[in-house]
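The values are calculated or read from the model by the stated rules, or taken from the named source; none is laboratory data. Just so we're clear, the structure is a prediction, and the values are computed from it rather than from any experiment. Please note: Cβ atoms are built from the backbone with ideal geometry, for glycine as well, and neighbour counts cover all protein chains shown. Heads up: the accessible areas ignore ligands, DNA and RNA and are worked out on the full protein's heavy atoms, side chains in. Shrake-Rupley method; radii C 1.70, N 1.55, O 1.52, S 1.80 Å.
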Amino acid sequence: MANIFSFCVFIVLSSLCFSKAQHVKVYELKRGYFSAKFTNYGATMLSVILPDKTGKLDDVVLGYDLVNDYKNDTTYFGAIVGRVANRIGGAKFILNGVTYKTDANDGKNTLHGGSKGFSDVIWTVKSYKKHSHVTFSYESFDGEEGFPGNLSVSVTYMLLHKNKLAVKMMAKPLNKPTPVNLALHTYWNLGGHNSGDIMSHTLKLFGSKITPVDSELIPTGEIVPVRKTPYDFRRPRDIGSKFDQLPHGYDINYVLHKSRRSRHLRKVAVVVESKCGRKMELWTNMPGVQFYTSNMLKNEKGKNGTVYGKHAGFCLETQGFPDAVNHPNFPSQIVKPRGIYKHFMVYRFTAH
């Protein structure tokens, strides 16, 4: 009887796993020549196809050919990361007198929510209109990767006009206060995902301060100005122009300037690839942005057989400050029941 029972349990679980896998799909948003694809695995951005100044279409997002490849990657290509994006020092924090130990998946620290964060779960498709939007939702359970409380999460990707992409991330704690810091981990190359490195992209970044880190990329708690350092992008310059001073590249959180008008989004950055003429502008309501130049990429086999090397893409991950749960001087990421976490991003793409 025990063997029959075990066999029946195995069959039921296998059926559930198979059924779940069957629900992983690809969803395209399209307006004119502007299109983007997403999957409910990790609420991941798979591609963004844009014309250049001559009208030539290219995919400007790094990634893989098959959705299954995203299940085994360590790059977080295009994924929504959380419950807490970036790093938590020592994989622990104290909230209301209780010490919470989170999954240590980056040495002794937590990175992007743990070994199975939001980038590695199957989201539910709540709404989809091809010429408008797609909305994914996920119910995170109490204790998932060590975080407290049940959390309802949603992400909506929306096409606005013919050249804007908006992202709306929302989260609502159901029974306990919890830290929330979601981020979109897209790797961009405006010359096309297979066009080489991003060293000659021109970047202007609207942040005059950074949160410096230690050797494990954990913030020290300081907030320092970028003036007279290689981190200064207040005036446009090539991303690779000061790599002689930063041989490993950029992986740092910038403190964004506040909008001059209340309730308006902050301008984050302007990026231009001069050969093809594509320009990307980004706005957000978040206080920080992680600028990352894909320093850890190494011979990563991607779309159409392309092999991505170091600095093949750049990330601009709008966010709360890294390790804010352990630095009281950083903007708080704690959201209480009845509170709502809201994170907005707007991209505008042009070509001249």
- Residue in region 222-238 that is least open to solvent (accessible area, probe 1.4 Å), counting only those that are assigned to a loop (DSSP other than H, G, I, E, B) and of a type in the set (D, E, K, R): Asp232
- Query: Which members of region 107-120 meet the condition of being surrounded by fewer than 19 Cβ atoms within 10 Å (Cβ to Cβ) and within 17 Å of the chain's Cα centre (by Cα)?
  - Reply: Ser115, Lys116
- If you take the residues in region 291-316 that are out of contact with any Phe, Trp or Tyr (no Cβ under 7 Å at 6 or more places or on another chain) and assigned to a strand (DSSP E or B), which one is surrounded by the most Cβ atoms within 10 Å (Cβ to Cβ)? Tyr308
- So, of the residues in region 294-333 that are in contact with a helix residue (DSSP H, G or I) (Cβ under 8 Å, 6 or more places away or on another chain) and not hydroxyl-bearing (Ser, Thr, Tyr), which turns out to be farthest from Leu190 (Cα to Cα)? Asn326
- So which residues in region 239-250 are farther than 21 Å from Lys279 by Cα and open to solvent by less than 40 Å² (accessible area, probe 1.4 Å), if there are any at all? Phe243, Leu246, Gly249
- Query: Which condition number does Asn72 fail, the rest of (1) without any contact (Cβ under 8 Å) to a residue 24 or more places away in the chain; (2) open to solvent by less than 60 Å² (accessible area, probe 1.4 Å); (3) part of a loop (DSSP other than H, G, I, E, B) being met?
  - Reply: (2)
- Task: Name the residue, out of Ser195, Ser208, Ser200, Ser262, that is hydroxyl-bearing (Ser, Thr, Tyr), at pLDDT below 95 and more than 30 Å from Gly97 (Cβ to Cβ).
- Result: Ser262
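So that you can scan it fast, the table gives a plain yes or no per residue for (1) under 22 Å from Asn295 (Cα atoms); (2) in contact (Cβ under 8 Å) with a residue 24 or more places away in the chain:
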| residue | (1), (2) |
| --- | --- |
| Leu57 | no, yes |
| Phe77 | yes, yes |
| Ile88 | yes, yes |
| Gly97 | no, no |
